[in-house]
Amino acid sequence: MWSSRLPFLLCPSGSTISSFSLGNGSSSSSVIDNTNNINNTADRTTRAMTAITRRTSATLTLRFQPSTSSSSSSSLRRCFHSKADYQQWRKDVQDSALKPSNNQTTTMRMEPLDLPTFAPFLHSVSPMADQLFLAGVQDATPSSPRDSLLECTYPLASNEILRYSVTDFSHWSAFRLGKFYELVDALTADVAYRHAAANDGTNGSTDDNNNNNNNNEEVTLVTAGHYHSRKYGKTDLHKDVVLRSYVTQVGRSSLEVRTDAWQDEDKLVNVCHTIMVALDPKTMKPLSKVGKALPPLISEDDGDEDRIRLADQHQQIRLDRSQKAMQLRNKVSAPPTIDEMGELHRLHRRRALQREGQFVSGGGDGGGITGSNDNSNTLACSPTVQDYTFRSSRVIFPEQRNVHGKLFGGFVMAEGQSLAQFAATFFAMGNPIVPMGIDEAIFLQPVALGDMVTFTARLVHATATTCRVNVTVEVRDPSAPSRVPVRSNRLVFVFCGDFSNNNRGNAEIIPETYQEILMHVDAQRRHAVEGPWEDEVKGILEEMQKGNDSSST
């Protein structure tokens, strides 16, 4: 089953290579290239059109390149410039979610699928895979979002053991977010392979009888990163959770896969977008560099077009951010602005005065000088990033590997999220917090068995109601002890809660090193337009309190 196709299966995030990382400016080839090679896709187009003749008379569009119409380009956001901009994006994401049962133009022939056959990556890395249910379209070439869709159900309502395996401390976000990302990382690889398999007609199955030996059609995909993930609603652990993962955009060398988490069929609780890069398995170069291309995505209705436009926006946003990136390792690295450095100067001045007992609240810059060393009215020194920095190291053993013998990317997501959540909880002095999602999770290179990975979680920015934790993952190779640790991942997690009463009496975090300053400024920029904001957090905390009151009675 596995061995005959193993060299040409998708590589989950643990097998990602640095030259294809998105959002860090390292390579333009990591973003979706929408200018498809028509000659190389002609045969695939013929097969795809043959496969869809069994469908209804819905309008079909082959997506070779993004729309160039004035109406489409004018609505394309190059970045989130305001709170209103970001809130409109959230609404667009929610409205464009693919709902198989509510589709009006195309009949969804969703059937139960054999999980080891149609979701081999999920099956190989999840210890609870035999407790899950998989569904999808079994008898069509996966060329449209609906054909590529895989629906994975966590039967939490009836499976107590499964429920305990994903339980978190948060009443509002009861399904552990690290477990969600662990599943996303594996399921998106299965979905991407399912679409890429449109080349050979295997429908994403790994059955030996469907094995195709045409090397021109084989492809390796690597996960570049997870982006634009936010909680949309409260999760109830006593109800089933359904994850739907499907392709939303395809270029010559990369594709976007979206994953939605649902409860009660019509309640969207979480969303994540994943970018995967397609490589030629012989040269390990992007398909576009060797005259090949992924099979095109077929658009069947307005909903597909809406999701394609969103994917175009995501690409533009990543490009915009890569051009303004501050990471020192990037090809493009810009310093903070004058205004941002002025704000940092204010924070450090405040801390210096606090140390000398000369700072009291009030004043034009948020505080003033007492003129004496009377400490009775002074505030405690503002906390630093170093005060809320935590590390965890692990040696990678076989149980953490993926089917290619490298570290499973979902393990990185789950471990990083757990450490980040502890940092946020520590900052909140143990008070309830809510994991809200990720700004980005970038995968830079694979990690081998026997390597030691060190997770470093830094709480780099905070307000009275939110905080952001930057997690970096570095690798040490025991065969090269003199080599400097290599960075394999960069992740940014978002949390909300009541941080106004922490033990320092002040929610502001002061970065000290230049590396911390860059992380702080980046988080500050994101918070300004992407929140979460006080009114949103207040509603979540009130809902949490009601839940706690009802459970205690």
| query | If the cut-off is 12 Å between C-alpha atoms, which aspartates and glutamates fall inside it for Lys324, apart from same-chain ones fewer than 8 positions away? | reply | Asp522
| remark: log10 I(q)/I(0) for the stretch 420-553, Debye formula on C-alpha points only (no solvent), q = 0.10, 0.16, 0.17 Å⁻¹, two decimals, reads -0.40, -0.85, -0.92
| remark: PRE zone check, label point 7 Å out along Cα-to-Cβ of Lys83, amide N under 19 Å, scope the stretch 459-473, hits 462-468
| query | With every protein chain left in place, what is the accessible area of Met110 in Å² (1.4 Å probe, nearest 10)? | reply | 60
| request: Rank by packing, highest mean first: peptides 240-253, 122-135, with packing defined as the count of other Cβ atoms within 10 Å averaged across residues. | output: 240-253, 122-135
| note | Within the under-10-Å Cβ sphere about Gln421, not counting Gln421, Lys/Arg +1 and Asp/Glu -1 give a net charge of 0
| Where the centroid of each part is defined by its Cα atoms, how far is the stretch 251-319 from the stretch 462-503 in Å? | 27
| Within straight-line cross-link reach of Lys546, aspartates and glutamates at Cα separation under 15 Å, skipping those fewer than 8 residues along the same chain | Asp236
| note | Sorted on mean Cβ neighbours within 10 Å (highest first), peptides 456-468, 286-298 come out as 456-468, 286-298
| query | How much accessible area does Val222 have with a 1.4 Å probe, in Å² rounded to the nearest 10? | reply | 0
| field | Environment charge of Val242, counting only residues whose C-beta is closer than 12 Å and scoring Lys/Arg +1, Asp/Glu -1 | value | -2
| task | Please give the peptides 223-231, 184-192, 445-453 ranked by average Cβ packing (other Cβ atoms within 10 Å per residue), highest first, as a rough proxy for protection. | result | 184-192, 223-231, 445-453
| query | When the Kirkwood hydrodynamic radius is evaluated over all pairs of different C-alpha atoms of the stretch 207-341, what value in angstrom, to one decimal, is obtained? | reply | 17.9
| request: Go through Lys292/Lys406; Lys234/Lys267; Lys282/Lys331; Lys179/Lys538; Lys83/Lys179; Lys239/Lys538 and tell me which ones have a Cα-Cα distance over 18 Å in this structure. | output: Lys292/Lys406; Lys282/Lys331; Lys179/Lys538; Lys83/Lys179; Lys239/Lys538
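The values are calculated or read from the model by the stated rules, or taken from the named source; none is laboratory data. Worth saying up front: this structure is predicted, and the values here are computed from it rather than measured. Virtual Cβ from ideal backbone geometry, glycine too; neighbours counted across all protein chains shown. Note: accessible area is taken over every heavy atom of the protein model, side chains too, but ligands, DNA and RNA are not part of it. Shrake-Rupley method; radii C 1.70, N 1.55, O 1.52, S 1.80 Å.
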